[in-house]
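**Q** I have a structure here, written as structure tokens, and I will follow up with some questions on it.
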Amino acid sequence: MELKDIITYLREYDGEPLTFMEVCGTHTASISENGIPSLLSDKIKLISGPGCPVCVTASSYIDRLCDLALEPNTCVVTFGDLIRVPGSKTSLQEIKGDGGNIKIVYSPFEIIDLAKEDNDTTFVFAAVGFETTTPIYALLVDKIISESINNIKLLTALKTMPKAIEVLCEMGKKIDGFIAPGHVSVITGANIFKPLAEKFQLPFVVSGFKGEELLATIYALTKLKGQGKVLNLYKSVVNDEGNVKANELVNKYFEPYKASWRGIGEIDGSGMALKSEYHIYDAGSLNLALDKLRNKACRCKEVITGFTSPNECPLFKKVCTPLNPQGACMVSNEGSCFHYFINNRG
Ligand code: SF4
């Protein structure tokens, strides 16, 4: 089917109201940047799920990073997107202003040179992400061990998607299908979504990130309504079984654990933590306090589970802006509140 016919179909769709969820922050960004909601009939609604890694990182994790940054002879190493995320009391940015030792890098492997240049400091990498990034951290641990480096640790908040989607499906929100995450599927394979599709009798369509790929995915979802099937429309990079070598490396160093999700709470088996024999490289990832929101009016929980649109949050645009974020969804460039704000939706 040609793109113009897909657009016409989606614009003129007049069947049963349908709600589809994307569970990948990059899809959230692409949907917004391509103006896809404006191309759809009022009867097709897109909602965002918990696919932005920064958005689902528990406040207690940020609190722990802040504490570490203030410890003597300790340096927190992180990507820039975590720096403004609020913990329960403060953020890394505020701590940096108070003398906290924080370095922003563009690759986790930069920590190796930092550690070699300063043996008296323990460098802690803020390892946040989904299945896509966990292999990179497994490779980092592999390198740390093979080079006998003793002053690097990881504080991990590594999540896995299937358990979170399962919890979402059990929350009772009407969802008619999922735009399955493209990057995650490269590692896990498309088949990872089969048990969920069959259990909830919902279609999962693995999608690329271009506007036309997303439109084809939404079209496919309308046609697969009520069917517990997985369709892979991103075959150029996603296969059924995933990246076997990357998964072997991950399973060498990490194992599933009960991870804490911002606003949602703990979900059994929804994260990957270093195995006990490698805890020497861990900076306290398993002993975090319970998640607490800094601003109790923030509705990130409802936003990342699709129960609320960002513009329905009472703080949206009034108190919460990208320059004054009250929740993680307004910080990350994959967060749905951020995209609603910059694309002037709502
Ligand atoms: Fe939280 Fe801000 Fe989004 Fe409201 S607009 S849910 S306060 S991040």
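**Q** Normalising by the residue count of the chain, find the relative contact order in percent from Cα pairs under 8 Å and 6+ residues apart.
**A** 22
**Q** Could you give the length gained by full extension between Q227 and L139, i.e. 0.36 nm per residue of separation minus their alpha carbon distance, to one decimal place?
**A** Once the chain is fully extended between Q227 and L139, it gains 27.8 nm.
**Q** Only Cα pairs within less than 10 Å get springs; with that Gaussian network setup on the chain, which residue of V167, V77, V206 has the largest fluctuation?
**A** For the chain, modelled as a Gaussian network with Cα springs under 10 Å, the answer is V167.
**Q** State whether region 230-325 is rounded, prolate or oblate according to the following rule on the C-alpha gyration tensor (a ≥ b ≥ c being the square roots of its eigenvalues): a/c under 1.5 gives rounded; otherwise a/b larger than b/c gives prolate, and the remaining case gives oblate.
**A** oblate
**Q** Binning at 5 Å from 0, report for region 2-108 what percent of all alpha-carbon pair distances ends up in each bin.
**A** Taking all Cα pairs of region 2-108, the binned fractions are 2, 11, 16, 15, 12, 9, 8, 8, 8, 6, 4, 1, 0 percent.
**Q** A further question follows. Using Cα centres only, tell me the gap between region 1-38 and region 294-343 in whole Å.
**A** Between the Cα centre of region 1-38 and that of region 294-343, the gap is 22 Å.
**Q** Here is a follow-up. State whether the chain is rounded, prolate or oblate according to the following rule on the C-alpha gyration tensor (a ≥ b ≥ c being the square roots of its eigenvalues): a/c under 1.5 gives rounded; otherwise a/b larger than b/c gives prolate, and the remaining case gives oblate.
**A** Prolate.
**Q** Report Rg(Cα)/(2.2 N^0.38 Å) for region 187-280, keeping two decimals.
**A** With N residues counted in region 187-280, Rg over 2.2 N^0.38 Å equals 1.32.
**Q** Among A164, A29, A289, which one shows the biggest mean-square fluctuation in a GNM of the chain, springs joining Cα atoms closer than 10 Å?
**A** Greatest mean-square fluctuation among the candidates belongs to A289.
**Q** Ignoring ligands, DNA and RNA, please state the percent of accessible area on region 158-197 from carbon and sulfur, probe 1.4 Å.
**A** Accessible surface attributable to carbon and sulfur in region 158-197 totals 60 percent.
**Q** So, one more: Using the Cα centre of the chain as the reference point, and only Cβ charges (+1 on K/R, -1 on D/E), how large is the resulting charge dipole? Debye, rounded to the nearest 20.
**A** Using Cβ point charges on Lys, Arg, Asp and Glu, the chain gives about 860 debye.
**Q** Take the chain, connect every pair of alpha-carbon atoms lying under 10 Å apart with a spring to form a Gaussian network, then pick out the residue of K258, K245, K194 with the largest mean-square fluctuation.
**A** K245
**Q** Take the Cβ-Cβ distance between K210 and E170 as r, set R0 to 30 Å, and report the resulting FRET efficiency rounded to the nearest 0.05.
**A** Computed FRET efficiency for K210 and E170 comes out at 0.40.
**Q** Quick one: pull the percent of accessible area on region 236-346 belonging to carbon and sulfur, 1.4 Å probe, ligands and nucleic acids left out.
**A** Answer for region 236-346: carbon and sulfur cover 50 percent of the accessible area.
**Q** Taking a ≥ b ≥ c as the square roots of the eigenvalues of the Cα gyration tensor of region 59-174, is the shape rounded (a/c under 1.5), prolate (a/b larger than b/c) or oblate?
**A** oblate
**Q** For the chain, what is the mean residue ellipticity at 222 nm derived from helices alone (per DSSP H run of n ≥ 4: -39500 (n - 2.57); sum divided by total residues; nearest 500 deg cm²/dmol)?
**A** It comes out at -9500 deg cm²/dmol, rounded to the nearest 500.
**Q** Using the Cα centre as the reference, give the magnitude of the dipole from point charges on the C-beta atoms of region 112-160 (Lys, Arg: +1; Asp, Glu: -1; all else neutral), rounded to the nearest 20 debye.
**A** Here region 112-160 has a charge dipole of around 220 debye.
**Q** Loop only by DSSP, 15 or fewer other Cβ within 10 Å of the Cβ. Give me the GluC sites (Glu not before Pro) in region 117-192 that pass, ordered by residue number.
**A** Those that pass, being in a loop and sparsely packed, are E147.
**Q** Putting +1 on Lys and Arg Cβ atoms and -1 on Asp and Glu Cβ atoms, find which of G242, H279, F341 reaches farthest to the positive end of the dipole of the chain.
**A** Positive-most Cα among the choices belongs to F341.
**Q** Ok, one more. Once the Cα atoms of helix 59-70 and of the chain are each reduced to a long axis, what angle between those two axes, in degrees from 0 to 90 to the nearest 10, is obtained?
**A** Helix 59-70 sits roughly 30 degrees off the main axis of the chain.
**Q** Quote the charge dipole size of region 191-244 about the Cα centre in Debye, to the nearest 20; the model charges only the Cβ of Lys and Arg (+1) and of Asp and Glu (-1).
**A** For region 191-244, the charge dipole is close to 200 debye.
**Q** Which pairs, out of K4/K43; K89/K159; K103/K292; K103/K163; K96/K275; K258/K317, put more than 29 Å between their alpha-carbon atoms?
**A** Exceeds cut-off: K103/K163; K96/K275; K258/K317.
The values are calculated or read from the model by the stated rules, or taken from the named source; none is laboratory data. Keep in mind it's a predicted model, so treat the numbers as computed, not measured. Reconstructed Cβ throughout: ideal geometry from the backbone, glycine too, with neighbour counts over all protein chains shown. Surface areas here come from the heavy atoms of the whole protein model, side chains and all, with no ligands, DNA or RNA. Shrake-Rupley method; radii C 1.70, N 1.55, O 1.52, S 1.80 Å.
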